[in-house]
1. At 0.36 nm per residue, and after removing the present C-alpha to C-alpha distance, how many nm does the segment from Lys51 to Ile227 gain when stretched out fully?
2. Before I look further, what does the stretch 94-245 give for accessible area per residue, probe 1.4 Å, in whole square angstrom?
3. Would the stretch 75-156 count as rounded, prolate or oblate if I go by the C-alpha gyration tensor, calling it rounded below 1.5 in a/c and otherwise prolate when a/b exceeds b/c, oblate otherwise?
4. Ignoring ligands, DNA and RNA, please state the percent of accessible area on the stretch 63-218 from carbon and sulfur, probe 1.4 Å.
5. All other residues with a Cβ under 15 Å from the Cβ of Leu104 taken together, and with Lys, Arg as +1 and Asp, Glu as -1, what is their net charge?
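The values are calculated or read from the model by the stated rules, or taken from the named source; none is laboratory data. Just so you know, these numbers come straight off a predicted model, no measurement behind them. Cβ placement follows ideal geometry from the backbone for every residue including glycine, while neighbour counts extend to all protein chains displayed. Ligands, DNA and RNA are stripped out before the accessible areas are found, and what is left, the full protein with its side chains, is counted by its heavy atoms. Shrake-Rupley method; radii C 1.70, N 1.55, O 1.52, S 1.80 Å.
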Amino acid sequence: MQSSENSIGDDIDLQPYDDGADIWDQVAFTARTIPNGLKKYWKQRFALFSKFSEGIWMNEQSWYSVTPEIIAKNIADHIYNNCRPSVVLDAFCGAGGNTIQLALLVDRVIAIEKDPVTIRCAKHNAEIYGVADKIEFIEGDFFEYAPYVEADVVFLSPPWGGPHYLFQDVFDLHAMEPYDLTSIMSASRPISPHIAVYLPRNSNIEQVREPVENYEDQEVDDSTVLISYLHVRGKCKAICAYYGALAVPSSMEYALLPPASADA
Ligand code: MGP
């Protein structure tokens with residue numbers, strides 16, 4: 001079998017802490033074993049993780065929800081350039097796409113994920129990118145841990161209720177499942193006013209503003225929200241809403257934006 005077809009490449013030095021033998025059938029797919037519904041993501045595997053062929057693990061849910069690497073890097077750059085944080089919380093870390101790019105820039109990332117298989121993917125993938133020692137992984141529920149976490153910036157890439165989010169013309173962030181935007185913002189704000197949220201490209205933009213409409217903070221102009229439309233090869237994949245000191249346009253961000261005609 002060719003290694004380009006293989007999530008577990010021949011030359012991989014599997015991590016001694018977790019050889020994954022018990023979950024390989026859930027996280028290590030090949031061109032032959034990838035389920036039909038995930039084939040479009042398989043074609044994008046190197047856009048999701050440029051080191052895919054070094055043995056990246058993704059379970060089914062991660063395939064459709066992980067942030068493509070160029071976008072994760074763009075968000076991490078924006079956070080780093082505007083806040084220079086020491087510690088960032090990634091509250092729903094999934095298979096680690098955002099956590100890894102953040103850990104490449106900041107001192108420490110606290111990465112929370114409640115699904116036991118998904119967090120093993122994230123730990124394993126962080127090893128491949130050489131940043132595992134900068135990440136504190138917590139297997140558990142963000143809302144339980146939120147009151148005890150200390151971080152300079154909060155990054156949120158919540159579940160959107162599955163790939164069906166595009167069935168709505170305008171995605172209702174109040175009805176986002178299992179956590180609506182207001183709930184995740186309310187749990188995050190006591191940790192830091194500097195928040196980035198990765199959301200569907202068809203999100204109701206009025207609702208993106210609502211969580212901070214009535215905040216008055218003397219240190220930060222909390223009423224400003226920056227919406228970044230995130231593209232891969234000319235196609236908008238998602239948006240990132242930036243709050244607090246992150247709500248500042250950056251040249252990095254505009255570098256990703258294609259001409260308007262590229263979206264047609
Ligand atoms: P997509 O739905 O596969 O759109 O997701 P795409 O690739 O434009 O598909 P098409 O059918 O329009 O061709 C685009 C991106 O959204 C994915 O790469 C993920 O980064 C992100 N994403 C998708 N879902 C379902 C989720 C989710 O539930 N949570 C989070 N945080 N991100 C998601």
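1. 60.5 nm
2. Accessible area per residue: 44 Å².
3. Oblate shape, in that a/c is at least 1.5 and b/c is the bigger or equal ratio.
4. Exposed carbon and sulfur together represent 46 percent of the surface.
5. Taking every other residue near Leu104 into account, the sum is -1.
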